[in-house]
Every structure is written in C-alpha cells, then in structure tokens.
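Notes to accompany the following structure.
The values are calculated or read from the model by the stated rules, or taken from the named source; none is laboratory data. Remember, it's a predicted structure, so these values are computed and weren't measured experimentally. When we count neighbours, we look across all protein chains shown, and the Cβ atoms used for this are built from the backbone with ideal geometry, even at glycine. Side chains are part of the model used for accessible areas, which takes the heavy atoms of the whole protein and leaves out ligands, DNA and RNA. Shrake-Rupley method; radii C 1.70, N 1.55, O 1.52, S 1.80 Å.
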Amino acid sequence: MTNRYQPIDYRLQNYLEQACDAHYDVLLELTDDSTVEGQCINTEIHPDRSEWLVCKTQYQYTKIRLDFIAKMKSLTPGSSFSEVRSTATQAIFKG
C-alpha cells in the first residue's frame, strides 16, 4: 500500500455514502487482503485531504482510508446493492 492518498471513483463514493446514510452492515475487503466487518457510520476528510470511512465494529469505531477498500459487500437485507468492487481505474457494481 502507498502512503499517498489516491482519490476513489465517484461511483464508489456514492455507494459508500448510501451505506453510511442507511447505516448498512458491510464486509470490507482491503487491498492488503485483510477484512473489516461493521456498520457504516460516516465518511470524513482529514487535513491531508485523504478520505476515510468510519465503521462501528463489534468493539470499537474503526477508520479505513477509502483507497484501501478493494470490495464492499452489504450484509444488510434489502440494501440497495449487494457488492461493490473497486479497481485502480474503475468500479464494478452488482446489485
């Protein structure tokens, strides 16, 4: 992973905002092959202009830099999407 923030595709940003607005439970696969399961709470922009997702996990709140998210799978029944994948140049949405 690189330390320099790489802005994400605006379509992926829209799905993240939907997940936060509705507080979806999600399973995130990160670019380092780790996973995070939790409830989407909010996105925030840090002073270095990097964007982060705030998730409520089982025991704490966790912040994940948006460009480290490789795939987001909704665990909430009836959500507006089932899975969102991101690549370096495009986002693929399955709904």
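The heavy atoms of Tyr61 present about 140 square angstrom of accessible area, all protein chains included, probe 1.4 Å. Put a plus charge on the Cβ of each Lys and Arg, a minus charge on the Cβ of each Asp and Glu, and nothing anywhere else: the dipole of segment 1-91 about its Cα centre is then about 60 debye.
Listed by chain and number, the aspartates and glutamates whose alpha-carbon sits under 12 Å from that of Lys56, ignoring those within fewer than 8 places in the same chain, are Asp25, Glu37.
Here the relative contact order of the chain, from alpha carbon pairs under 8 Å that lie six or more residues apart, stands at 26 percent. For the chain, the solvent-accessible area of protein heavy atoms averages 63 Å² per residue (probe radius 1.4 Å; ligands and nucleic acids excluded). Kirkwood radius, the chain, all distinct C-alpha pairs, inverse of mean reciprocal distance: 13.2 Å.
Whenever you get a sec, compute what percent of the accessible area on the chain sits on carbon and sulfur atoms (1.4 Å probe).
Details: 2760 of 6010 Å².
Answer for the chain: carbon and sulfur cover 46 percent of the accessible area.
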